[in-house]
Amino acid sequence: MTTSQAVASKQFLTFNLGEDIFGVEVMQVREILDYTSITRVPQTPEFMLGVINLRGRVVPVVDLRAKFGLPPTEKTRDTCIIVMEIEIEGESTILGAVADSVQEVMDLNEDQIEPPPRIGTRLKTEFIYGMGKREDEFIILLDIDRIFSVGELELVQEVTEKTANG
């Protein structure tokens, strides 16, 4: 097989929310932090937990469980915040997302990624990039830029700016 025939692959950071395994493209992940106290911001949607101070920068933190309609769970020593860079109408924004635990970085070839299912999933499929398969497990690959509506992300940006400016 020549290089031009090689199947393209992408790297995904995999993490758990309950029994489900999710993945986001590694290129969008900035860092993974231990769970820390989060400052609640009044009058924000339920999925927005608040903000954290990351080396002097205000970073909004969201609860993917709440956004996906999953039941809340107790925080454990494995609970962490995945800091990601997302796009809002062409503008880059930093956002933290709480995960029950992080698993690994894995390579998936395009032929290991199926299109999102049309029915039978608890999630709206417009923000699912695809379904990865590893051995007998499915990994829900997220298009992190499409999880939140433009309005929700603008609210997140607005809260971040207000918090940063006092």
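The values are calculated or read from the model by the stated rules, or taken from the named source; none is laboratory data. None of the values given here were measured: they were computed from a predicted structure. Note that we place each Cβ from the backbone using ideal geometry, even for glycine, and neighbour counts take in every protein chain shown.
Residue check: is Leu70 touching a helix residue (DSSP H, G or I) at 6+ places or on another chain (Cβ under 9 Å) and closer than 19 Å to Pro45 by Cβ? For Leu70, the condition - touching a helix residue (DSSP H, G or I) at 6+ places or on another chain (Cβ under 9 Å) and closer than 19 Å to Pro45 by Cβ - is met. Within segment 1-53, being small (Gly, Ala, Ser), part of a loop (DSSP other than H, G, I, E, B) and either at pLDDT 85 or above or within 27 Å of Leu155 (Cβ to Cβ) (or both) holds for Gly18, Ser37. Identification of strands (runs of 3 or more DSSP E) wholly contained in segment 73-147 with 2 or more residues that are in contact with a Gly (Cβ under 6 Å, 6 or more places away or on another chain) and among the β-branched types (Val, Ile, Thr) yields 80-88. Yes or no: segment 16-25 includes at least one residue that is touching a residue at least 12 places away in the same chain (Cβ under 8 Å), surrounded by 18 or more Cβ atoms within 10 Å (Cβ to Cβ) and more than 15 Å from the chain's Cα centre (by Cα). Looking for residues that are touching a residue at least 12 places away in the same chain (Cβ under 8 Å), surrounded by 18 or more Cβ atoms within 10 Å (Cβ to Cβ) and more than 15 Å from the chain's Cα centre (by Cα), one finds none in segment 16-25, hence no.
Ala66 falls short on exactly one of the conditions (1) buried (at least 17 other Cβ atoms within 10 Å of the Cβ); (2) free of Cβ contacts under 8 Å to residues at least 60 places away in the same chain; (3) within 14 Å of the chain's Cα centre (by Cα), and that condition is (1).
Residues that are buried (at least 16 other Cβ atoms within 10 Å of the Cβ) and among the hydroxyl-bearing types (Ser, Thr, Tyr) within segment 80-107 comprise just one, Thr93.
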